[in-house]
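Peer 1: Supplied in structure tokens, the structure appears directly below.
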Amino acid sequence: QVQLVESGGGLVQPGGSLRLSCAASRSIFSFTVMGWYRQAPGKQRELVATITSGSNRDYADSVEGRFTISRDNAKNTIYLRMNSLKPEDTAVYYCNAKSVVATLWGKGTLVTVSS
């Protein structure tokens, strides 16, 4: 079973930056789409950003221009660079990977934006 492990979360002040990483336990070539979702307290999980195997990117309107998703196939890892963070970005961020046979989730990493 492939595992996805997120890292890089933490406490940051408004306006600050963080970079999240999601490392897969095997090659990510077979995943057609990988992405980041987030879930704030009391809210539903929502899509943040996705990247396809061809490196096509898509972003939620709320993060467009502030967040950047990328992938490093050699390291079996995707990243989420988050700039100009706002308190409303506070959430648990989950890595997601989709193949033709399965959808996988990581356990999440907490991002807290607060002064």
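Peer 1: What is the one condition in (1) in a loop (DSSP other than H, G, I, E, B); (2) touching a residue at least 40 places away in the same chain (Cβ under 8 Å); (3) of a type in the set (S, T, N, Q) that Gln1 does not satisfy?
Peer 2: (2)
Peer 1: Kindly indicate whether any position in the range 65-79 is open to solvent by 50 Å² or more (accessible area, probe 1.4 Å) and touching a helix residue (DSSP H, G or I) at 6+ places or on another chain (Cβ under 7 Å).
Peer 2: No, the range 65-79 contains no residue that is open to solvent by 50 Å² or more (accessible area, probe 1.4 Å) and touching a helix residue (DSSP H, G or I) at 6+ places or on another chain (Cβ under 7 Å).
Peer 1: Let me ask something else. Which members of the range 87-102 meet the condition of being surrounded by 14 or more Cβ atoms within 10 Å (Cβ to Cβ) and either in contact with a strand residue (DSSP E or B) (Cβ under 7 Å, 6 or more places away or on another chain) or of a type in the set (Asp, Glu) (or both)? Before you say what the answer is, go through the steps one by one.
Peer 2: Of all residues in the range 87-102, those surrounded by 14 or more Cβ atoms within 10 Å (Cβ to Cβ) come to 89-99.
Across the range 87-102, the qualifying residues are Asp89, Thr90, Ala91, Val92, Tyr93, Tyr94, Cys95, Asn96, Ala97, Lys98.
Peer 1: Which of the residues spanning the range 62-103 are over 13 Å from the mean Cα position of the chain (by Cα) and part of a strand (DSSP E or B)?
Peer 2: Those that are over 13 Å from the mean Cα position of the chain (by Cα) and part of a strand (DSSP E or B): Asp72, Lys98, Thr103.
Peer 1: Within the range 57-109, how many residues are in contact (Cβ under 8 Å) with a residue 60 or more places away in the chain, farther than 24 Å from Val2 by Cβ and small (Gly, Ala, Ser)?
Peer 2: Result for the range 57-109: 1.
Peer 1: Hey, another quick one. Is it true that Tyr59 is closer than 12 Å to Val111 by Cα, open to solvent by less than 60 Å² (accessible area, probe 1.4 Å), within 12 Å of the chain's Cα centre (by Cα) and not β-branched (Val, Ile, Thr)? Lay out the reasoning, then the answer.
Peer 2: Working: closer than 12 Å to Val111 by Cα: no; open to solvent by less than 60 Å² (accessible area, probe 1.4 Å): yes; within 12 Å of the chain's Cα centre (by Cα): yes; not β-branched (Val, Ile, Thr): yes.
It is false that Tyr59 is closer than 12 Å to Val111 by Cα, open to solvent by less than 60 Å² (accessible area, probe 1.4 Å), within 12 Å of the chain's Cα centre (by Cα) and not β-branched (Val, Ile, Thr).
Peer 1: Moving to a separate point now. Listed residues Arg19, Arg38; which is open to solvent by 70 Å² or more (accessible area, probe 1.4 Å) and under 10 Å from the mean Cα position of the chain (by Cα)? Don't jump to the end; show me each part of the working.
Peer 2: Working: Arg38 fails: open to solvent by 70 Å² or more (accessible area, probe 1.4 Å).
Within the list Arg19, Arg38, the selection yields Arg19.
Peer 1: Tell me which of these Ile28 doesn't satisfy, since it passes every other one: (1) hydrophobic (A, V, I, L, M, F, W, C); (2) open to solvent by 30 Å² or more (accessible area, probe 1.4 Å); (3) modelled with pLDDT under 95.
Peer 2: Of everything listed in (1) hydrophobic (A, V, I, L, M, F, W, C); (2) open to solvent by 30 Å² or more (accessible area, probe 1.4 Å); (3) modelled with pLDDT under 95, Ile28 misses just condition (2).
The values are calculated or read from the model by the stated rules, or taken from the named source; none is laboratory data. Note that the coordinates shown come from a computational prediction; the quantities given were computed from them, not determined experimentally. Please note: Cβ atoms are built from the backbone with ideal geometry, for glycine as well, and neighbour counts cover all protein chains shown. Ligands, DNA and RNA are stripped out before the accessible areas are found, and what is left, the full protein with its side chains, is counted by its heavy atoms. Shrake-Rupley method; radii C 1.70, N 1.55, O 1.52, S 1.80 Å.
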